[in-house]
Amino acid sequence: MPRIGSNSVDAGAVALRLRTLTSAAAPSGSQSANFIGDQQNAQKVYEAIQYSPAWVREGQATPQAIAVISAIESSQQKGLNPEDYDASHWPERMAALKAAPGNADTVANFDFALTVSALKYLSNLRIGRVNPKPLESGIDLDQKHYDLPQFLVQKVLAGGNLPDVLNKLEPRYLGYQRTEAALKTYLALAAQDHSQPLPDVPKTVKRGDTYSSVQQLGERLRLLGDLPQSAVADLKATTYDEPLVEAVKHFQVRHGLKSEGRLDKETIAQLNMPLSARVIQLEDSLERWRWLPADYPQLPVAVNIPGFKLPVFSDDHTIALQMNVVVGKALNHQTPVFAKEMKYIIFRPYWNLPLDIVRAEIVPKLQRESFFNYC
């Protein structure tokens, strides 16, 4: 097949190589074994475009390719793992393509690897990395399935504004957006956090009490944003007083603690939580948001289990109504996680002890107490 210019590629050789990659038992175009399951989807993509390169034109990466690689490299901000999409390999692959733009194998290997990475990224961004079904969560992801190869071909490869295309894949819930914003903040905070843990307090520290770690506490609260930069605080003092008390209250409200402004063991433990652990919590939260249905036929009613709240959402996904709820706490009595259509509501329902709880817990306890009383 004729070539025109130094960057031209033998289209037939590229197509042959792509056919080999999409039918190989262990694709060599990707560095990660996790991508093998996406081979069939990749084959559908190339069938749709007659096995021509999806991401390379005239030996150069297309704007869509560059945009996807950029999204992959910054995917931690979405609560995803960049290495799931070969993030560390893309500079090397881009350099190889630039060095040999007319080499059919180089073009095909680059193209196939990016197709598989993009498919994986798009899927994870829409429905998450983990299938919740084996976790007995009661959440069914089947309703969120869509034609991934078709989406990549029609929306990503043919699209002009990739950030807008990717945004439409993500949940539209306000809670998701706030969690994503919080993750970006905590990723930045974790990178600059070199503080030492606050010492345990033998007893609760109240306003006006002597506290030897005032400076350390103030620095921690400033880093987290609970103590405003404009707040005037004498961090060389040893008395726990304003404005640190108000800053601690603000921290306690954000973390579901009693907002009394007192430094107790629980508050100190939350203050000492490594910011890297907060990042993992936020990443896990984004994952759970992705498990939820993309749309509801009616206004959704949700239960925030760790927050002990029941919010009802409005059409614009803001909270229209919220109330406190009681949730299961013990290991064998956890509140189940599921998503179902609600058909009716019972106001002021009666509640009796379930028979299995009576048999497993109440009766044995009464028998033990009766035995000891008899003795």
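For the stretch 81-113, what are the residues that are over 24 Å from the mean Cα position of the chain (by Cα) and charged (D, E, K, R)?
Across the stretch 81-113, the qualifying residues are 92, 93, 98, 105, 111.
Taking residue 200 as the residue in question, decide whether it is at pLDDT 90 or above, surrounded by fewer than 16 Cβ atoms within 10 Å (Cβ to Cβ), assigned to a loop (DSSP other than H, G, I, E, B) and of a type outside the set (Val, Ile, Thr).
yes
Among what's in the stretch 286-324 and is in a loop (DSSP other than H, G, I, E, B) and small (Gly, Ala, Ser), pick the residue that is farthest from residue 257 (Cα to Cα).
Looking at the filtered set, the residue picked out is 294.
Provide a single number: the residues in the stretch 227-241 that are modelled with pLDDT under 90 and either outside the structural domain of residue 261 (by TED's automatic domain parsing) or surrounded by 12 or more Cβ atoms within 10 Å (Cβ to Cβ) (or both).
6
Across the stretch 1-56, which residue is modelled with the highest pLDDT among those that are loosely packed, with under 14 Cβ neighbours inside 10 Å and of a type in the set (D, E, K, R)?
Checked the stretch 1-56; the qualifying residue modelled with the highest pLDDT is 47.
Across the stretch 323-338, what is the number of residues that are hydrophobic (A, V, I, L, M, F, W, C), surrounded by 10 or more Cβ atoms within 10 Å (Cβ to Cβ) and modelled with pLDDT under 80? Even if it seems obvious, please write down each step before you answer.
First pass over the stretch 323-338, keeping only residues hydrophobic (A, V, I, L, M, F, W, C): 323, 325-327, 330-331, 337-338.
Now drop any that are not surrounded by 10 or more Cβ atoms within 10 Å (Cβ to Cβ), which leaves 325, 327, 337-338.
Now restrict to residues that are modelled with pLDDT under 80: 337-338.
Final tally of qualifying residues: 2.
Anything in the stretch 223-267 that is within 14 Å of residue 204 (Cα to Cα) and among the polar types (S, T, N, Q)? List them, or say none.
Passing the criteria: 239, 259, 267.
Would you confirm, using the coordinates I've provided, whether residue 243 is of a type outside the set (Phe, Trp, Tyr) and under 22 Å from the mean Cα position of the chain (by Cα)?
Spelling it out, it is not the case that residue 243 is of a type outside the set (Phe, Trp, Tyr) and under 22 Å from the mean Cα position of the chain (by Cα).
Would you be able to tell me the number of residues in the stretch 271-309 that are in contact (Cβ under 8 Å) with a residue 40 or more places away in the chain, more than 15 Å from residue 76 (Cβ to Cβ) and aliphatic (A, V, I, L, M)?
Qualifying residue count, the stretch 271-309: 4.
The values are calculated or read from the model by the stated rules, or taken from the named source; none is laboratory data. All values derive from a computational prediction rather than experimental measurement. Don't worry about glycine lacking a Cβ; one is built from the backbone with ideal geometry, like all the others, and counts go over all protein chains shown.
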